[in-house]
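Reading through the structure tokens given below for one structure.
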Amino acid sequence: MTPLLFANIDEPGLNTIDVYRRHGGYQALPKALKMSSDEVLAELETSELRGRGGAGFQMGKKASFLPHGSMDKYLVCNADESEPGAFKDRELMQKNPHQLVEGIIIGAYAAGVNRSFIYVRGEYQYQADILDAAVKEAEAAGFLGERILGSSHTLSLVVHRGAGAYICGEETALLDSLEGKRGNPRLKPPFPANQGLYQGPTLVNNVETLSNVPHIIRMGADAWAKHGVQNSTGTKVVSVSGCVRNPGNFEVELGIPTRDLIMGLAGGPREGCEIKFFFPGGSSSPVLTAEEGLDLPYDFDSMAKAGSMLGSGSVIVVDDTIPVVEVAKKVAKFYAHESCGKCSPCREGTNWTVKMLERVDTGEATPMDLDIIASVQDQIMGNCLCVLGDSMAMPIGSLVKKFRSEFEEHIERAREQRGMGVTVPEPEPVALAGAEPDVGPY
Amino acid sequence: MPRPEPKPITFTIDGREVTAPEGDMLVDAAKYGDVEIPVFCYEPKLGQPVGACRMCLVEVEGIPKLQTGCSTPVKDGMVVHTQTERVHDAQKAVVEFLLVNHPLDCPVCDKGGECPLQDITFGWGAGTSRFIEPKRHFRKPLEISPLIAIDRERCILCYRCVRYSQEVAEDYQLVLHDRGAHSFVGTFDGHPYVAPFSGNIIELCPVGALTSTAYRFRARPWDVETAGSVCTLCAAQCNVSLTVRDDKVSRVMARDNHEVDDGWLCDKGRFAYQAIHVDERVTEPLMREGDDLRPVSWDRAIAAAAAGLRRAGRHTAALVGGEATNEEGFLLQRLLREGLEAHDLDSRLGAQLPVELHRALNAPALQAAVPDLEFAHAVLVLETEPIDDAAILDLRIRKGIRRRGVRLAVASSRPSALDPAAEQVVRFPPGGVGQFLYELASGGHALSGWLRDAGEDVVIVWGERIGGSPGGANALRALLNLAASLGLGEREGAGLLAIPAVANGRGLREAGVLPNAGPGLVAPAADGRGAPEIAAALAQGELRALYLLGADPLVSYPGRGAWSRAIDRASTIVAHAGVLTQGIREHADVVFPAEAYAEKNGTVVHPDGRVQRLRQAIAQVGRVRPEWQVIADVARAAGFDLGVHTSAMASKQLFDAVPFYGGLTLEALAGHGLRWPAGDGAAKAPEADLAPFELEPPATPPAPTGGALRLGAFRSLWAAPEVRISPSLQFLHPDSRVELAPEDARRRGIDDGVAVEVAQNGTSVRGRATLRHAVPMGSVFVSDETAIPTGTLVEVRRA
Amino acid sequence: MPRVHRYPDGSRVPPWDRAVDLTKAPAPVPEPAVTPVPEELRRTIEAYMAKYPDRRSAVIPSIAAAQRHHGWCSPEALDQVAVVMRLTPAYVESIATFYDMFENEPAPPHDVYVCTNISCSLLGADELFEHFIETLGDDEDFNIRSFECLGACDIGPMASVDGVYVGPLQLDDVPRIANDVRDGRPVLRSKQIAHRAVADPGAAAPVPDPDTMAAGPPMPPERGRGEATAPEDEI
């Protein structure tokens, strides 16, 4: 497969505008500006490009929700990649920032937006510096600012750095954080397309989604949509990590067999180990065992049908040397730490789950606690303000369900080690003093 | 702007069809169908719903996920289910989650018995909790301010207090720290949460996390009785609900009246009830023996007072202020005018205004109501500081700006707390309000255009101090011209709102406590002297007796020097006082104990014309007698029968005497009062000449020479005797402050916080220097209104 | 059975929450006349405020700038951000305590964020973090923190040293990192992510030679040490 997003990715200096242009960059932009913004929008809709940040909602449709009119509209690029296991946006921003910038300019044109932001997570300091430099180069070249390339399109682009919060990857929390408040998600409806940043219509898209836009315009939507499969068009940059020999980012066509991805591209498990299970879509997705998942095609619909999700396309592989309880504890602690605290089920439920899993780990638990853990996950699902609660409930719930026996064995082993035993001791017979019990003067 | 007029729609809830206004949230609309949906974080007074607690989840047909009822507006044809198993499971789950970290403090928690968490757990919870882990712990309880204790373990992080601090009071002092399950409510770096409206979070908090330290462990809800009344500590006259235990007021809570206070109270109103029961309060009649005031019997005090008044005859003057009700003022002016044939009485602090001006300013058409502040297109705050003079209006104005897009302009000499929220800020030198109004009315000021273009509904909030200063009458005529040019009298929703210096200023005026107006603003038998003239006459011996009803000239009246001489010279001074302030303590001959508002029966009139009723909630403390009765007894002893034997009779006399109260009854006033003068009584309003007035250009004040600054005075919300004697509020009693611009201070070698002296011609005021960058150069503001008149040129130097 | 955990003052209750000091005045929007701000910090904050349609959006970069200047988000630093941005310091503090990268206690100048999230911990990040703590935990130059997923799972177990991502790390890389930082050299140059090629074989990238590739990331400015004194403690 010819790479699209990863074409020439390691060319030295690709992050500078000259090298980017030498490799065909900033040719989609003039082409788009010659079309009307409605035509560009139609191209995006025809391509059926689905959001690459995790939700998988069609980008063109989302962009078309923005109302027409001369009010202030915004485009925010969600570069707050904090999902465990996801590192695709880092590679794209670090090595080919102009691809993203061009995508933002074209996307803004399609939606009628004239102020845009890139919200990049604070930990990506190097990548944010590179983006800053790229934006300056784009401004100097006249691709940003007033009347771009002589058209009526005006766009300003500000790179905004976050400061370390996973919840700010959720689009409404990101908007709140960008407005200078605590990163708490908002109620939806109203959706950001109507009331977003500063209460104005806002389009929020992931880095990878926007990076695809120049290619869609350059090749034409139909040609681009030939990649991938029905309902999951295009290429996807998949991050594979964990117990594999060759972790990293791979640009694949959606629909590739998962086995080719994990065993082939990522090199499969290490010497002497077998894959026990994997997270198909970052640590927020229900796990799939090797038997369940390796033979499925890697695309949105197949993953959903199997009871999991594609999410951001980040595969974390766990082999049989890792205890399941460790994985569950680690994942739960992450969500408890990152919960924003606004809604009760997530705030208290994540906290509670962590405490229960710690007790399971030290053995101060019983199988009934596993039932309670599962029930708490059910109580969290669907009742929270945003998806972070669900993002914990799904993997933990699936781990407890699919590896129940391993949890129980762990509890038994831990109790044995501490001398607490598993069986209830027989009560010793107590000798009664006389024949009749003394009832007392009632 | 037009008030929202929702149209009724029909929706189905639990199988029943219900009609509700469109756009109402599901939680409110369900009440029309007698269905209760439990909520914690939903509080419509706090603005947009946040959907944070997830308690109100219900099933709406057509939407797969459960929806929060607090954020879902009802639409025609919506079908809602609140009794399905799915909803019950979700509700039980949320209660279980909320109780996960909530301590079992009910036996020792003040909120027990009136706690929404208890009620909702009982009604919608599962009945058991499976949580056996250690709960999160905090040190508790901690004082987050001297008035409020915070117990962070009980906090269910519903966000209400933080949203209140940020979106209603806009003081941004109370915030959430940390994240997730570690979140807690706190302030910056150990600073206390002290703000004029901080007490409202006690009522907002649905659990016992924020509690009143003054009410701590005092009573359980089943021990107390509640009584409703009106707080008369300031002109805002908020409606309150008094919690009474064993005939003592233990607590004051808000009694939501959308037309007056919108459900909020300021801290003074909330905690100054303590002044009712402290020892410092005067609860028995006193008479002077030498330098001291000694307790005497009622008969003796009344006899002495009557004798003194009879001796002075028509050389008696009266000053009414403080918390005096309409009836008290009315009866006193009857005593003076009809009993003693004296005509020198005043309820205002400054120079007299022509009665035509009073009638014009009282015109019903020109009157704006408090809700108009929320729905106007533009509001102009003119030479008044709402947060000091009528605190609750500050919140109302902010609500209008925040929720309805009201545009605010502030025109004052002193920087105002509303400046950050204002679109236009105009500063003029102290004493320059006359010049400003002259320019504004003639259209020559930069703000004139803004006012014209701002919209049709303009409300002008102005301070009555404008009328009291020199050139005041002219300034007010300019104000009336301005109102006419903006067409304020022609629209509902636009008008003037006068903030009096005295809590019941408007009521006392309408009851006839003015030198040149009788009850109903009709011409009296003869015109008399106003307050400054009374002072001069007393000092010269032309007046001999002074009756002080809730007023102390040395404490709140400008012209301290003149008043000092006046009360020194007066032969008889009879005073009603709850606290012995300086003038009364040193000079009064007979002191009658004043009632607190919780003990009174009577009526007061809100600045916007709403007649409100005070109802007695507790028996009079000590040997206090109703003040209307004291006046009647003094009158009788002086040979004049006022003909009142009950407070209802006093009210009836008042309603009969004032033409535009005709038809009003105490029963009609009920709990929320009536805007009678502007409504049913409007037809009987006195004839008012509203035609454009001739204006004289105001005199130009002399330019400052050699480093002199122009003085302005202000009075803090907390500068009241009730605050001084309430144990909880004492820390708020302000010390004397002098506000300077940083550059002016630097040139005089004055640093922030040092003692300075402000002097003019031998009179001086001392205080602590406070540097504020918002104070314009050339102005200085002192917190004492009595010593030096506003607008005078003064010297400021280190003390 | 585990012992009941007690805090230094002997109680079971954590002493880290703050009571208020009732002798202090409340903290409204600070008065510019009495709140001095270093000129450079003021200029930086005002430049940030100018970039956004609503100046409040600049609060995160402004707090970061104040932290760089003072070494940590001290009450003084937050006060200075508040006075320039015309906010209350309480509001600024609520932002500063929400995000992980803001230090709310005095911290050493060099940040080492060790990722201990799932992908890295599958590869031994917990032991790596333990070793960092044993070796450099008390060192006054290094602020060792365990952090959530830093977005570099392909080089796990990894750490971010003053913003430079290095990995995969072995236990003996720890003293090497310390020495590199102390001597002012680029940290573990061969293991920096800036020099790592993409793993996708389809992208047909040549194996990068650290010396021929573009110079690595610029050395970030050293964070001011600020006052290493703890906040005046509470009642």
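Filter the stretch A:110-134 for residues that are in contact (Cβ under 8 Å) with a residue 60 or more places away in the chain, open to solvent by 10 Å² or more (accessible area, probe 1.4 Å) and within 12 Å of another protein chain (Cβ to nearest Cβ) and give the result.
A:I130, A:A133 - these are the residues of the stretch A:110-134 that are in contact (Cβ under 8 Å) with a residue 60 or more places away in the chain, open to solvent by 10 Å² or more (accessible area, probe 1.4 Å) and within 12 Å of another protein chain (Cβ to nearest Cβ).
From B:I156, B:I148, which residue is within 14 Å of chain A (Cβ to nearest Cβ) and not acidic (D, E)?
On the way: B:I148 fails: within 14 Å of chain A (Cβ to nearest Cβ).
On inspection, the qualifying residue turns out to be B:I156.
Taking A:G145 as the residue in question, decide whether it is open to solvent by 10 Å² or more (accessible area, probe 1.4 Å), more than 10 Å from chain C (Cβ to nearest Cβ) and over 27 Å from A:G13 (Cα atoms).
Judged against the criteria, A:G145 is not a match.
Show the residue pairs meeting these rules: Cβ distance below 6 Å; 6+ apart or different chains; first residue within the stretch A:286-309 and open to solvent by 20 Å² or more (accessible area, probe 1.4 Å); second residue part of a helix (DSSP H, G or I).
A:L296/A:T258; A:L296/A:S302; A:M309/A:M303
Just wondering, is there one or more residues in the stretch A:149-157 that are closer than 18 Å to A:N205 by Cβ, facing chain C (nearest Cβ under 10 Å) and open to solvent by less than 10 Å² (accessible area, probe 1.4 Å)?
Scanning the stretch A:149-157 turns up no residue that is closer than 18 Å to A:N205 by Cβ, facing chain C (nearest Cβ under 10 Å) and open to solvent by less than 10 Å² (accessible area, probe 1.4 Å).
Quickly run through the stretch B:696-714 and pick out the residues that are within 20 Å of B:Q760 (Cα to Cα) and part of a loop (DSSP other than H, G, I, E, B). Write out each step before concluding.
First pass over the stretch B:696-714, keeping only residues within 20 Å of B:Q760 (Cα to Cα): B:700-714.
B:T700, B:P701, B:P702, B:A703, B:P704, B:T705, B:G706, B:G707, B:A708, B:F714 - these are the residues of the stretch B:696-714 that are within 20 Å of B:Q760 (Cα to Cα) and part of a loop (DSSP other than H, G, I, E, B).
Going through B:R509, B:R477 one at a time, which residue ends up being crowded, with 21+ Cβ neighbours inside 10 Å, modelled with pLDDT of 90 or more and in contact with a His (Cβ under 9 Å, 6 or more places away or on another chain)?
Exactly one residue qualifies, and that residue is B:R509.
Looking at B:E85, B:E43, B:E133, B:E59, which one is under 25 Å from B:E153 (Cβ atoms) and either within 14 Å of another protein chain (Cβ to nearest Cβ) or modelled with pLDDT under 90 (or both)? Before you say what the answer is, go through the steps one by one.
Values: B:E85 fails: under 25 Å from B:E153 (Cβ atoms); B:E43 fails: either within 14 Å of another protein chain (Cβ to nearest Cβ) or modelled with pLDDT under 90 (or both); B:E59 fails: under 25 Å from B:E153 (Cβ atoms).
So the residue among B:E85, B:E43, B:E133, B:E59 that is under 25 Å from B:E153 (Cβ atoms) and either within 14 Å of another protein chain (Cβ to nearest Cβ) or modelled with pLDDT under 90 (or both) is B:E133.
Considering only the stretch C:155-176, I want to know if a residue exists there that is buried (at least 22 other Cβ atoms within 10 Å of the Cβ), within 9 Å of another protein chain (Cβ to nearest Cβ), without any contact (Cβ under 8 Å) to a residue 24 or more places away in the chain and of a type outside the set (A, V, I, L, M).
Scanning the stretch C:155-176 turns up no residue that is buried (at least 22 other Cβ atoms within 10 Å of the Cβ), within 9 Å of another protein chain (Cβ to nearest Cβ), without any contact (Cβ under 8 Å) to a residue 24 or more places away in the chain and of a type outside the set (A, V, I, L, M).
Name the residue, out of A:L44, A:L66, A:L29, that is open to solvent by less than 50 Å² (accessible area, probe 1.4 Å), touching a residue at least 40 places away in the same chain (Cβ under 8 Å) and closer than 25 Å to A:E179 by Cα.
Answer to the selection: A:L66.
Just give me the residues in the stretch B:436-447 being under 22 Å from B:P386 (Cα atoms) and surrounded by fewer than 23 Cβ atoms within 10 Å (Cβ to Cβ), in sequence order.
If the condition is that a residue be under 22 Å from B:P386 (Cα atoms) and surrounded by fewer than 23 Cβ atoms within 10 Å (Cβ to Cβ), then B:L447 is the only one that fits.
Quick check on the stretch B:160-168. Is at least one of its residues within 30 Å of B:V35 (Cα to Cα) and facing another protein chain (nearest Cβ under 9 Å)?
yes
Check A:S82 against each of (1) within 13 Å of chain C (Cβ to nearest Cβ); (2) more than 30 Å from C:C149 (Cα to Cα); (3) assigned to a loop (DSSP other than H, G, I, E, B) and name the one condition it does not meet.
(2)
If you scan the stretch B:46-56, which residues turn out to be within 9 Å of chain A (Cβ to nearest Cβ), in contact with a strand residue (DSSP E or B) (Cβ under 8 Å, 6 or more places away or on another chain) and not small (G, A, S)? Working first, answer last.
Step one: of the stretch B:46-56, the residues within 9 Å of chain A (Cβ to nearest Cβ) are B:48-55.
After this cut, where a residue has to be in contact with a strand residue (DSSP E or B) (Cβ under 8 Å, 6 or more places away or on another chain) as well, the list is B:49, B:51, B:54.
The answer is B:P49, B:R54.
Could you figure out which of (1) surrounded by 24 or more Cβ atoms within 10 Å (Cβ to Cβ); (2) in a helix (DSSP H, G or I) isn't true of B:S198?
(2)
Quick one: which of A:M71, A:M1 is open to solvent by 10 Å² or more (accessible area, probe 1.4 Å), more than 23 Å from A:E251 (Cα to Cα), assigned to a loop (DSSP other than H, G, I, E, B) and within 14 Å of chain C (Cβ to nearest Cβ)?
Residue meeting the stated conditions: A:M71.
I'd like to check something: does the stretch B:695-705 contain any residue that is open to solvent by less than 30 Å² (accessible area, probe 1.4 Å), away from chain C (no Cβ under 14 Å) and not hydroxyl-bearing (S, T, Y)? Break it down stepwise before answering.
If we filter the stretch B:695-705 for residues that are open to solvent by less than 30 Å² (accessible area, probe 1.4 Å), which is where we start, we get none.
The answer is no; no qualifying residue exists.
Going residue by residue through the stretch B:11-20, is there one that turns out to be under 29 Å from B:E203 (Cα atoms) and either of a type in the set (A, V, I, L, M, F, W, C) or assigned to a loop (DSSP other than H, G, I, E, B) (or both)?
Within the stretch B:11-20 (the criterion being under 29 Å from B:E203 (Cα atoms) and either of a type in the set (A, V, I, L, M, F, W, C) or assigned to a loop (DSSP other than H, G, I, E, B) (or both)), the answer is yes, since at least one residue qualifies.
Which condition breaks for B:R529 when tested against (1) in a loop (DSSP other than H, G, I, E, B); (2) surrounded by 24 or more Cβ atoms within 10 Å (Cβ to Cβ)?
The one condition B:R529 does not meet is (2).
Look through the stretch B:173-195, keep the residues that are aromatic (F, W, Y) and crowded, with 24+ Cβ neighbours inside 10 Å, and return whichever of them is farthest from the other protein chains (Cβ to nearest Cβ).
So the residue we want is B:Y193.
Give me the residue from the stretch A:231-250 that is touching a residue at least 24 places away in the same chain (Cβ under 8 Å) and surrounded by fewer than 16 Cβ atoms within 10 Å (Cβ to Cβ) and, out of that set, nearest to A:V40 (Cα to Cα).
Looking at the filtered set, the residue picked out is A:N231.
Within the stretch B:718-752, track down each residue that is in a loop (DSSP other than H, G, I, E, B), buried (at least 18 other Cβ atoms within 10 Å of the Cβ) and within 14 Å of chain C (Cβ to nearest Cβ).
Residues satisfying the conditions are B:W718, B:A741, B:I750.
Quick one: in the stretch A:47-63, which of the residues that are open to solvent by 50 Å² or more (accessible area, probe 1.4 Å) and among the hydrophobic types (A, V, I, L, M, F, W, C) is farthest from A:H215 (Cα to Cα)?
By that ranking, first place goes to A:A55.
Restricting attention to the stretch B:365-392, report how many residues are farther than 28 Å from B:S783 by Cβ and part of a helix (DSSP H, G or I).
The number of residues fulfilling the criteria is 5.
The rows are residues; the columns are (1) surrounded by fewer than 24 Cβ atoms within 10 Å (Cβ to Cβ); (2) at the interface with another protein chain (Cβ under 10 Å from one of its Cβ atoms); (3) under 22 Å from A:C343 (Cβ atoms).
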site: A:G164; (1), (2), (3): yes, yes, yes
site: A:E179; (1), (2), (3): yes, yes, yes
site: A:R186; (1), (2), (3): yes, yes, yes
site: A:G196; (1), (2), (3): no, no, yes
site: A:I216; (1), (2), (3): no, no, no
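Is at least one residue of the stretch B:42-49 touching a Ser or Thr at 6+ places or on another chain (Cβ under 7 Å) and more than 17 Å from B:A90 (Cα to Cα)?
yes
Go through the stretch B:607-622 and give me each residue that's open to solvent by 30 Å² or more (accessible area, probe 1.4 Å) and of a type in the set (V, I, T).
Matches in the stretch B:607-622: B:V621 only.
Which residue is most open to solvent (accessible area, probe 1.4 Å), if the candidates are limited to the stretch A:316-334 and must be assigned to a helix (DSSP H, G or I) and more than 8 Å from chain C (Cβ to nearest Cβ)? Write out each step before concluding.
First pass over the stretch A:316-334, keeping only residues assigned to a helix (DSSP H, G or I): A:324-334.
Imposing the further condition that a residue be more than 8 Å from chain C (Cβ to nearest Cβ) reduces the set to A:324-325, A:328-329, A:332-333.
Numbers: A:V324: 1, A:V325: 3, A:A328: 1, A:K329: 36, A:A332: 0, A:K333: 87 Å².
If we take residues in the stretch A:316-334 being assigned to a helix (DSSP H, G or I) and more than 8 Å from chain C (Cβ to nearest Cβ), then A:K333 is most open to solvent (accessible area, probe 1.4 Å).
Name the residues in the stretch C:108-123 that are open to solvent by 10 Å² or more (accessible area, probe 1.4 Å) and away from chain A (no Cβ under 11 Å), would you?
Matches in the stretch C:108-123: C:P108, C:H110.
The values are calculated or read from the model by the stated rules, or taken from the named source; none is laboratory data. Since the model is a prediction, treat every value here as computed from it, not as a measurement. Glycine gets a Cβ as well: all are built from the backbone with ideal geometry, and neighbour counts include every protein chain shown. Surface areas here come from the heavy atoms of the whole protein model, side chains and all, with no ligands, DNA or RNA. Shrake-Rupley method; radii C 1.70, N 1.55, O 1.52, S 1.80 Å.
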